[in-house]
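Structure first, commentary second.
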Amino acid sequence: MDELVKQARTGFARAFGGVPDGYWAAPGRINVLGEHTDYNGGFVMPYAIPFYTVAAASRSQSPTWQVWSQATGETVTFGTGRVREQLPRSQAVDGWASYVAGVVWALKHMTGEPVGGARIALSSNVPVGAGLSSSAALSMSVLLALCDLYDLDVSDERKVLIAQFAENEYVGAPTGILDQTASLQSRPGSTLFMDCRSQVVEQLPFPLEETGLEMVVVDTRTPHRHSDGDYAERRGDCELAVEHLGVDSLRDVVRGQLLSLPDLLMKRRVRHVLSENRRTLAAAERLRAGERDLRFIGELMLESHVSLATDFEVTVPQLDHTVNAALRGGAWGARMTGGGFGGSVICLVNGDRRDAMCEEITRQASQRGYDEPKFYLAIPSEGAHRLEA
Ligand code: ADP
Ligand code: MG
């Protein structure tokens, strides 16, 4: 974190001069279980990983926002005209700075509070576009900064919705509330369990170390295309099924109802959501009951992957091969994490088998001519917060 703060401080001085009023950090996340369930009113089990975006920020006298990011080396400036409520798409800020403009826009729109101008310098070590939610880390760090700089009293639940609204309506990426909640509300040593309908969040113990387990993230370096058609198409499938069944959300569907769906494809889509909710609930129950040996999570992760591959069809060969290689390398379980169509795989493995497993994954990737994967340790970490600096 010190390094990130230093980079943000230096970037701030270079881009705007002077020192910022403060520093805010927000992490990326993995999702242990509960994929493509958030927008279906279902259950998810994500936690923050120790990779953060740091926003060094201060108030500006004028209602303009200036943002610099170390990732691009660019400074983007926009004024109130581009964060108006009824904004034609053509006038919106685009590119990476749209996440920042989106937060300003959504904050105004959802709280009715005037948000003053700001200068913001961003540094980050969250892998971008790897399915680890660098976008939520970016939005959340900026949102916390703006709320603190302007003394806006916004609850955590509301912050999540504001960041989601920014991504959905301004940037145009149709995400659920999973990423933003994980980035904001995670605590070290725990996993979150969330009911996405009520937005009720529970912290459950996740004592990986007690039985010498580790959660390893494999960035397959297959760019995922979240905002693209595939993700939207799956959401569309789910919406159609909801209409057919006359339910509020797929969360309410009971098993027998599957039969009344008109075609096999729709049955499979719905079956994934139902089975994924069951797995996530089952895991939450066992963690809540105090189970300390987390190997059972591996089996559920694997079942989740199979369901995502066959019923929901959001995996790609790189993801399936990586899961296979992880199992061969000794993992207790592995699955894609994030929206799919590329991105990352998480693997639950004994610490003393980790290196052998990673070697096996790298070897198989190279055999198939894939890019060399990158590995990260997913230690359950602290959610977004202001830094003492
Ligand atoms: P993910 O959230 O899985 O990393 P997304 O496609 O949702 O992938 O978000 C990635 C996008 O977020 C990038 O293309 C970029 O526009 C923006 N982004 C994330 N982190 C940064 C950063 N530190 N600086 C600038 N833009 C960023
Ligand atoms: Mg994202």
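Readers should treat all values here as calculations from the given coordinates under stated rules, not as data from a laboratory. Bear in mind that the values here come from a model prediction, so they are computed numbers and not experimental data. Every residue, glycine as well, gets a Cβ built from its backbone with ideal geometry; the counts of neighbours run over all protein chains shown.
Please work out which residue is farthest from PRO380 (Cα to Cα), limiting yourself to the stretch 187-200 and to residues that are surrounded by fewer than 24 Cβ atoms within 10 Å (Cβ to Cβ) and touching a residue at least 40 places away in the same chain (Cβ under 8 Å).
ARG197
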Expected single match for part of a loop (DSSP other than H, G, I, E, B) and surrounded by 15 or more Cβ atoms within 10 Å (Cβ to Cβ) among VAL247, VAL273 is VAL247
Given VAL103, VAL115, VAL54, VAL93, which one is in contact (Cβ under 8 Å) with a residue 12 or more places away in the chain, outside any strand (DSSP E or B) and within 25 Å of SER186 (Cα to Cα)? VAL103
Going through the stretch 365-389 one residue at a time, which ones are under 19 Å from LEU302 (Cα atoms) and over 25 Å from the mean Cα position of the chain (by Cα)? none
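Pull up the stretch 343-358, narrow it to residues that are surrounded by 24 or more Cβ atoms within 10 Å (Cβ to Cβ) and of a type outside the set (A, V, I, L, M), then point me to the one that is nearest to ligand 2 (Cβ to nearest atom). Let's see the steps before the verdict.
Filtering the stretch 343-358 for residues surrounded by 24 or more Cβ atoms within 10 Å (Cβ to Cβ) gives 343-349, 357.
From what is left, the residues that are of a type outside the set (A, V, I, L, M) are 343-344, 347.
On the way: GLY343: 10, SER344: 12, CYS347: 21 Å.
If we take residues in the stretch 343-358 being surrounded by 24 or more Cβ atoms within 10 Å (Cβ to Cβ) and of a type outside the set (A, V, I, L, M), then GLY343 is nearest to ligand 2 (Cβ to nearest atom).
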Please list, ordered by first then second residue, the pairs with beta carbon atoms under 7 Å, 6 or more apart or interchain, first in the stretch 362-376 and over 19 Å from VAL128 (Cβ atoms) and touching a residue at least 60 places away in the same chain (Cβ under 8 Å), second acidic (Asp, Glu) and part of a loop (DSSP other than H, G, I, E, B). ALA365/GLU372
Residues (in contact (Cβ under 8 Å) with a residue 60 or more places away in the chain, part of a loop (DSSP other than H, G, I, E, B) and either of a type in the set (A, V, I, L, M) or surrounded by fewer than 24 Cβ atoms within 10 Å (Cβ to Cβ) (or both)) located in the stretch 120-137: ASN125, VAL126, PRO127, GLY129, ALA130, LEU132
Considering the stretch 330-382 alone, what residues qualify as being out of contact with any Ser or Thr (no Cβ under 6 Å at 6 or more places or on another chain), polar (S, T, N, Q) and under 27 Å from SER190 (Cα atoms)? ASN350, SER381
In the stretch 107-131, what count of residues is obtained for those that are farther than 20 Å from GLY95 by Cβ and within 16 Å of ligand 1 (Cβ to nearest atom)? 2
All but one of (1) surrounded by 17 or more Cβ atoms within 10 Å (Cβ to Cβ); (2) touching an Asp or Glu at 6+ places or on another chain (Cβ under 8 Å); (3) touching a residue at least 40 places away in the same chain (Cβ under 8 Å) hold for ARG288, so report the exception by its number. (1)
Evaluation of PRO63 against (1) out of contact with any strand residue (DSSP E or B) (no Cβ under 8 Å at 6 or more places or on another chain); (2) farther than 30 Å from GLY338 by Cα (one fails), failing number: (1)
Per the list (1) in contact (Cβ under 8 Å) with a residue 24 or more places away in the chain; (2) farther than 19 Å from ALA25 by Cβ; (3) more than 11 Å from ligand 1 (Cβ to nearest atom); (4) in contact with a helix residue (DSSP H, G or I) (Cβ under 7 Å, 6 or more places away or on another chain), residue check on PHE78 breaks on (1)
Are any of the residues in the stretch 142-160 over 21 Å from PHE43 (Cα atoms) and within 16 Å of ligand 2 (Cβ to nearest atom)? yes
